[in-house]
Amino acid sequence: MTESLLFRGAKILGSESADILVQDGLIAEVGSGLSATGARVIDADGLVALPGLVDLHTHLREPGYEASETVLSGTRAAASGGFTAVFAMPNTSPVADSAGVVEQELALGEAAGYATVQPIGAVTVGQKGERLAELGAMASSRANVRVFSDDGFCVWDPLIMRRALEYVKAFDGVIAQHAQDPRLTEGAQLNEGAVSAELGLAGWPAVAEESIIARDILLAEHVGSRLHVCHLSTAGSVELIRWAKKRGVAVTAEVTPHHLLLTDELARGYDARFKVNPPLRTQEDVLAVREGLADGTIDIVATDHAPHPSEAKACEWQAAANGMVGLESALRVVHQAMVQTGLLDWADVARVMSAAPARIGSLAGHGTPIAAGQPAEFTLYDADAEGVFAEADLHGQSTNSPYLGRELPGSVRWTVHRGYVTLEDGVLATLEGRS
């Protein structure tokens, strides 16, 4: 039994103010002047109420890489960023390529309690690209896996990719592709262009992403299966997805917050916080992915939250690991890149950061409207706040954020998951002993 909560004066999707009454894990009522005997009353005046955010692309690192992140620390970071559900990528040790590993990840998430953890299964055994993993066993396991990806590695063999797309049709699964031709990116360090040439870093061409996307669109069309494109980053990739959707191909795509805001110009100082896969691109690419997200070509925002210990980033650029943490900053970056520019409103943000990722990942109980009878999964956001993003804003185990020292709008104030508070007025709640 959870406590009754009454949030007063929240702006539902940034629009009209209303009270939100939470009882027994559900939104009991939404309206004006609500009251409930014994309910804890919380002043939410002027805060934007959004459905709990859902991240389709998170690296939680456990099991195997607990020095970077654990399920507990990663979901604490998620709650602080307004997320109530995260999809955990399979590049753990052992790799999440079997029912046993994905069920372990599910159990770790349940024990932590800060957010729903939905495992993503590997497409191939060990993410080696040689033979299909136990897709059916993972799908029928307690983890109920519906998204499969070798993220970090491209499913490069077209025959294996075709077989994977065919296999998941039986249970309406989706293959999430890390689009990177390995031959075209051997030794690549930074987006291929003027900046990489000036810095003497091996270039990472846009065509390495676009050629895989084009191939997989045709494969998905051929077999009539669902394809999801991870962390799309180039203007050409946006055009390919736009073309595929006009053809009626069942393809969806995501963009990360950092590809909506940051460019390869930031690499000029050789600061490895800005080293990521796919790499930061040009301002032209940034504007193209923003437009793609605004017009619906790109379906969702996903963080690609990729924590690393300090030694993996505090080194020369060529030796540094790829990746950035992003759960705590995602909503604020989308606010700056998309809402403040007039490209999205708060209802759109709810669609691309909650409803659509839950739908793509077939995750029940998330991405639902803030309405009576729905699961109590929502976040309250102060859109009028602003401040410099600092290490104090990070709640995972790693600090490899590209936004440290950067002015960002907004502040996540409250997160409610399964009817109980995980973030209380900007402070993570203590869940030990919660009934």
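Throughout, read-outs are computed from the coordinates displayed, never taken from laboratory work. Remember, predicted model here, so these are calculated numbers, not experimental data. FYI the Cβ positions are ideal-geometry reconstructions off the backbone, even for glycines, and counts take in every protein chain you see.
Compute the FRET efficiency between K169 and A107 as 1/(1 + (r/R0)^6), taking r as their Cβ-Cβ distance and R0 = 35 Å, and round to the nearest 0.05.
Values: r = 29 Å, r/R0 = 0.82.
Efficiency computed from Cβ-Cβ geometry: 0.75.
What size of dipole, in debye to the nearest 20, comes out for region 66-215 about its Cα centre when the only charges are +1 on Lys and Arg C-beta atoms and -1 on Asp and Glu C-beta atoms?
Values: 10 positive and 19 negative charges, 79 e Å.
My answer is approximately 380 debye.
With 23 Å as the cut-off, how large is the P(r) tail for region 188-345, expressed as percent of Cα-Cα pairs? Provide the component values of the computation, followed by the final result.
Details: 4798 of 12403 pairs.
Tail fraction, whole percent: 39.
By DSSP, what percent of the beta bridges with both residues in the chain are antiparallel, rounded to the nearest 5? Don't skip to the answer; put the middle values down first.
Working: 29 of 59 bridges.
Bridges in the chain are about 50 percent antiparallel.
Please compute the modelled spin-label separation between D24 and D43, points set 7 Å along Cα→Cβ, answer in nm with one decimal.
Simple spin-label model gives 3.2 nm for this pair.
State, to one decimal in nm², a quarter of the convex hull surface area for the C-alpha atoms of region 278-414, i.e. the direction-averaged projected area.
Values: hull surface 38.9 nm².
Quarter of the Cα hull surface area: 9.7 nm².
Could you give each residue of region 351-364 its phi-based ³J(HN,Hα) in whole Hz, using Karplus coefficients 6.51, -1.76, 1.60 with θ = phi - 60°, and x for Gly or Pro?
For region 351-364, the Karplus curve yields 5, 7, 10, 9, 5, 5, x, 5, 5, 4, x, 6, 9, 6 Hz.
Please compute, for the alpha-carbon atoms of region 210-302, the extent along each of the three principal axes and give them in descending order in Å.
Answer, in whole Å and largest first: 46, 22, 19 Å.
Could you work out the equivalent-ellipsoid semi-axes for region 53-121, taking the square root of 5 times each eigenvalue of the Cα gyration tensor, largest first, in whole Å?
Values: eigenvalues 62, 28, 21 Å².
Equivalent ellipsoid of region 53-121: 18, 12, 10 Å, largest first.
Sort 269-280, 243-254 by packing, meaning the average of other beta carbons within 10 Å per residue, with the highest value first.
Details: 269-280: 20.7, 243-254: 18.3.
Peptide ranking by packing, descending: 269-280, 243-254.
Residues of region 11-34 with the amide nitrogen closer than 20 Å to a label point 7 Å from the Cα of E3, along Cα-to-Cβ, please.
19-29, 34
Let's test this: bin the Cα-Cα distances of the chain at 10 Å from zero up to the farthest pair and state each bin's percent.
Binned Cα distances yield the sequence 5, 23, 33, 26, 10, 2, 0.
Over 15 Å apart: what share of the alpha carbon pairs of region 18-99 falls there, rounded to a whole percent?
Details: 2239 of 3321 pairs.
Considering region 18-99, 67 percent of its Cα-Cα pairs are separated by more than 15 Å.
Report Rg(Cα)/(2.2 N^0.38 Å) for region 249-328, keeping two decimals. Don't jump to the answer; show the numbers that get you there.
Details: Rg = 13.8 Å, N = 80, 2.2 N^0.38 = 11.6 Å.
Here the answer is 1.18, to two decimals.
Taking R0 as 25 Å, what's the FRET efficiency between E391 and L343 from their Cβ-Cβ distance, rounded to 0.05?
Given R0 = 25 Å and the Cβ-Cβ separation, E is 0.25.
Give the average over all directions of the projected area of the C-alpha convex hull of region 342-415, one decimal, in nm².
Details: hull surface 26.7 nm².
Its average projected convex-hull area is 6.7 nm².
Which percentage, to the nearest 5, of the DSSP beta bridges contained in region 85-202 is antiparallel? Don't jump to the answer; show the numbers that get you there.
Working: 1 of 8 bridges.
DSSP beta bridges in region 85-202 are roughly 10 percent antiparallel.
Relative contact order, percent, of region 119-272 when contacts are C-alpha pairs under 8 Å separated by at least 6 residues?
Values: 251 pairs, mean separation 27.9, N = 154.
Averaging sequence separation for qualifying contacts and normalising by length gives 18 percent for region 119-272.
In debye to the nearest 20, how big a dipole does the chain give about its Cα centre with +1 on each Lys and Arg Cβ and -1 on each Asp and Glu Cβ? Working shown, then result.
On the way: 32 positive and 56 negative charges, 181 e Å.
Taking the Cα centre of the chain as origin, the dipole is about 880 debye.
Got a sec to turn the phi values of region 280-292 into Karplus ³J(HN,Hα) couplings, 6.51 cos²θ - 1.76 cosθ + 1.60 with θ = phi - 60°, whole Hz, x for Gly and Pro?
My calculation for region 280-292 gives 4, 9, 8, 4, 4, 5, 4, 5, 5, 6, 4, 4, x Hz in order.
Please report, in cubic angstrom per residue, the volume enclosed by the convex hull of the alpha-carbon atoms of region 1-141. Working shown, then result.
On the way: hull volume 18.4 nm³, N = 141.
Convex hull of Cα atoms, per residue: 130 Å³.
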